[in-house]
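The values are calculated or read from the model by the stated rules, or taken from the named source; none is laboratory data. Since the structure is predicted, the reported quantities are computational estimates derived from the model, not experimental observations. All Cβ positions, glycine included, derive from the backbone under ideal geometry; neighbour counts span all protein chains shown.
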Amino acid sequence: MLRSRDGFVRPGGRAAVVANDAIGNFVVATPLLALLRGEWNPREVWYFGGTRTRELQAASPLIDRTGMHLGHAPREVAAEAASNGPFDVVVNIENAAWAKSVAAMLCGPETVVFGPCLDAEGRGDLAFGEDPASRLWLDPDWCAEDLAARHPMLRTAHISEILCRACCLRGEVGPYRVPEEPPDIQVPEVLVATAASGEDKLWPGDRWRDLLERLRRDGRRIGLLGAPPQAQRRYWRGGDDEDCWVREGLVEDLRGRLSLPQVVGAARLAQLVVSLDNGVLHLAAATPTPILGIFRHGIHRLWAPRVSNLTVLTPGSGKSVASITVDAVWEALPIAGR
């Protein structure tokens, strides 16, 4: 395996992209997938993600084949990699040990590697170079206010652009490109997504309840998006509060009723999406529908989509998401006629 010193990738090869099995991670990688197809002209692009993003992978025109990754045993991933032979280029956009191991499994002696990867012996990390892209990969704080100033190749500090430039892709970083299907339901005016992968992302349940009650008094139908409740409780936080709101009739329970492409279609038909920093927010950002996104301060610089229809609300420096008041959210809602 080799580090590219100048970003050159031989056209016509096979490319693999390794990513975390999270909806947001898939969505922010779509500009990278589009750009690498345009600049590297690979004959085939594989995406190694996982079972939670399978619907998006399968329907994406940016991906030719999907490989096993999260949700499968390492030996299965290794066997699949061996049966298909090494790739010409491997891009790993996840820094976890399991991702570096998978990236190494996909490599042969001449494979060009971008991103974190184990070395050929599997005893340590494959060393980065001294070039600007390597320095970007090695920067420990992608959320820093001065990130773009420290790396002149960047116009913004958004994760999609960082990934493209760290892979030496020079073209215009395009919008999110996610599969979309019409939902088979009557879409409520307001869609909310209140669950998140970590406690520090959550907005308190009593404040959500207050907001939902205000929206109901305002005459709005509200749909609750998310994974099926059992999976929601397994992988995300906030499911118990959601169950209460459903029982009380505050929201229409859409959790697990829509495929991920249908979630995009539903977001397009809604008047407003209110969401924490989660996968639903990123799917909705592929549509023109107004969105209010509640982010941790600092993280918003890296993860908040750079789209004009998103209103970003943070608690301010040094404060938690839980400190955001209902009044602050209510006043920030980008909804007509309120």
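Considering (1) closer than 15 Å to Pro179 by Cβ; (2) in contact with a Gly (Cβ under 8 Å, 6 or more places away or on another chain), the lone condition that Thr53 does not fulfil carries the number (2).
Residue-by-condition table, conditions (1) out of contact with any Leu (no Cβ under 8 Å at 6 or more places or on another chain); (2) outside the structural domain of Arg52 (by TED's automatic domain parsing); (3) modelled with pLDDT of 90 or more; (4) not in a helix (DSSP H, G or I):
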{"position": "Asp206", "(1), (2), (3), (4)": "yes, yes, yes, no"}
{"position": "Leu212", "(1), (2), (3), (4)": "no, yes, yes, no"}
{"position": "Leu215", "(1), (2), (3), (4)": "yes, yes, yes, no"}
{"position": "Asp241", "(1), (2), (3), (4)": "yes, yes, no, no"}
{"position": "Val246", "(1), (2), (3), (4)": "no, yes, yes, no"}
{"position": "Gly249", "(1), (2), (3), (4)": "yes, yes, yes, yes"}
{"position": "Arg255", "(1), (2), (3), (4)": "no, yes, yes, yes"}
{"position": "Gln262", "(1), (2), (3), (4)": "yes, yes, yes, no"}
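Inspect segment 311-326 for any residue being part of a helix (DSSP H, G or I), surrounded by fewer than 15 Cβ atoms within 10 Å (Cβ to Cβ) and touching a helix residue (DSSP H, G or I) at 6+ places or on another chain (Cβ under 9 Å) and give the result as yes or no. Yes; the residues of segment 311-326 include at least one that is part of a helix (DSSP H, G or I), surrounded by fewer than 15 Cβ atoms within 10 Å (Cβ to Cβ) and touching a helix residue (DSSP H, G or I) at 6+ places or on another chain (Cβ under 9 Å). Name every residue in segment 297-333 that is within 22 Å of the chain's Cα centre (by Cα) and polar (S, T, N, Q), in order of residue number. Of everything in segment 297-333, those that are within 22 Å of the chain's Cα centre (by Cα) and polar (S, T, N, Q) turn out to be Ser308, Asn309, Thr311, Thr314, Ser320. Report yes if some residue within segment 36-48 is hydroxyl-bearing (Ser, Thr, Tyr), touching a strand residue (DSSP E or B) at 6+ places or on another chain (Cβ under 7 Å) and not assigned by TED's automatic domain parsing to the domain that holds Asp277; otherwise report no. Checked segment 36-48: at least one residue is hydroxyl-bearing (Ser, Thr, Tyr), touching a strand residue (DSSP E or B) at 6+ places or on another chain (Cβ under 7 Å) and not assigned by TED's automatic domain parsing to the domain that holds Asp277.
For Val112, are the conditions met, namely being touching a residue at least 40 places away in the same chain (Cβ under 8 Å) and either over 26 Å from Thr51 (Cα atoms) or outside any strand (DSSP E or B) (or both)? Yes: the conditions hold for Val112.
Check segment 175-192 and report whether any residue there is assigned by TED's automatic domain parsing to the domain that holds Ala322, within 21 Å of the chain's Cα centre (by Cα) and part of a loop (DSSP other than H, G, I, E, B). Within segment 175-192, none of the residues are assigned by TED's automatic domain parsing to the domain that holds Ala322, within 21 Å of the chain's Cα centre (by Cα) and part of a loop (DSSP other than H, G, I, E, B). Could you tell me whether any residue of segment 329-338 is touching a Gly at 6+ places or on another chain (Cβ under 9 Å) and buried (at least 17 other Cβ atoms within 10 Å of the Cβ)? Taking every residue of segment 329-338 in turn, none turns out to be touching a Gly at 6+ places or on another chain (Cβ under 9 Å) and buried (at least 17 other Cβ atoms within 10 Å of the Cβ). Residues in segment 251-298 that are over 22 Å from Asn25 (Cβ atoms) and of a type in the set (Gly, Ala, Ser): Ala270 alone. Being under 18 Å from the mean Cα position of the chain (by Cα), in contact (Cβ under 8 Å) with a residue 60 or more places away in the chain, part of a helix (DSSP H, G or I) and surrounded by fewer than 22 Cβ atoms within 10 Å (Cβ to Cβ) is a description that applies to Asn25.
If the condition is being assigned to a loop (DSSP other than H, G, I, E, B), under 26 Å from Trp98 (Cβ atoms) and without any contact (Cβ under 8 Å) to a residue 60 or more places away in the chain, then segment 116-162 contributes Pro116, Glu121, Gly122, Arg123, Gly124, Asp139, Pro140, Asp141. Please determine, by comparing only the residues of segment 67-103 that are among the β-branched types (Val, Ile, Thr) and assigned to a helix (DSSP H, G or I), which one is modelled with the lowest pLDDT. Going through the qualifying residues, I end up with Val77.
Here's the yes/no breakdown for (1) buried (at least 16 other Cβ atoms within 10 Å of the Cβ); (2) assigned by TED's automatic domain parsing to the domain that holds Leu211; (3) closer than 26 Å to Gly50 by Cβ:
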site: Asn84; (1), (2), (3): no, no, yes
site: Asn95; (1), (2), (3): no, no, yes
site: Lys100; (1), (2), (3): yes, no, yes
site: Leu106; (1), (2), (3): yes, no, yes
site: Met153; (1), (2), (3): yes, no, no
site: Gly171; (1), (2), (3): no, no, no
